[in-house]
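Have a look at the structure below before the remarks.
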């Protein structure tokens, strides 16, 4: 018996999660993380409010934040 959580198919999503997944697909992004969030869809709006703050300019520019994310991913052999 597998103990793994499966990633829901995009066709099973509804509401805001389905809309966001479609938008991500249109720009060529992988929607796996978003589809996993669909298990707790009520968390999607507050998560994306938080996520937008991480991505945009603030005390640290968005460019520096992205370079830091890329460096951390490379140091951890993350190809995602």
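The values are calculated or read from the model by the stated rules, or taken from the named source; none is laboratory data. Note that the structure is a prediction, hence the values are computed from the model and not measured. Please note: Cβ atoms are built from the backbone with ideal geometry, for glycine as well, and neighbour counts cover all protein chains shown.
With the structure loaded, tell me whether residue 68 is surrounded by 13 or more Cβ atoms within 10 Å (Cβ to Cβ) and at pLDDT 85 or above or whether it fails that test. When the stated conditions are applied, residue 68 does not pass them.
Evaluation of residue 37 against the conditions (1) touching a residue at least 24 places away in the same chain (Cβ under 8 Å); (2) under 13 Å from the mean Cα position of the chain (by Cα) shows that the sole unmet condition is (1).
Residues that are in a helix (DSSP H, G or I) and touching a helix residue (DSSP H, G or I) at 6+ places or on another chain (Cβ under 9 Å) within region 12-32 comprise 12, 15, 16, 17, 18, 20, 21, 22, 24, 25, listed in sequence order. Within region 47-59, residues that are closer than 15 Å to residue 33 by Cα have Cβ atoms under 8 Å from residues that are surrounded by 10 or more Cβ atoms within 10 Å (Cβ to Cβ) in these pairs: 47/37; 48/20, counting only partners at least 6 apart in sequence or on another chain.
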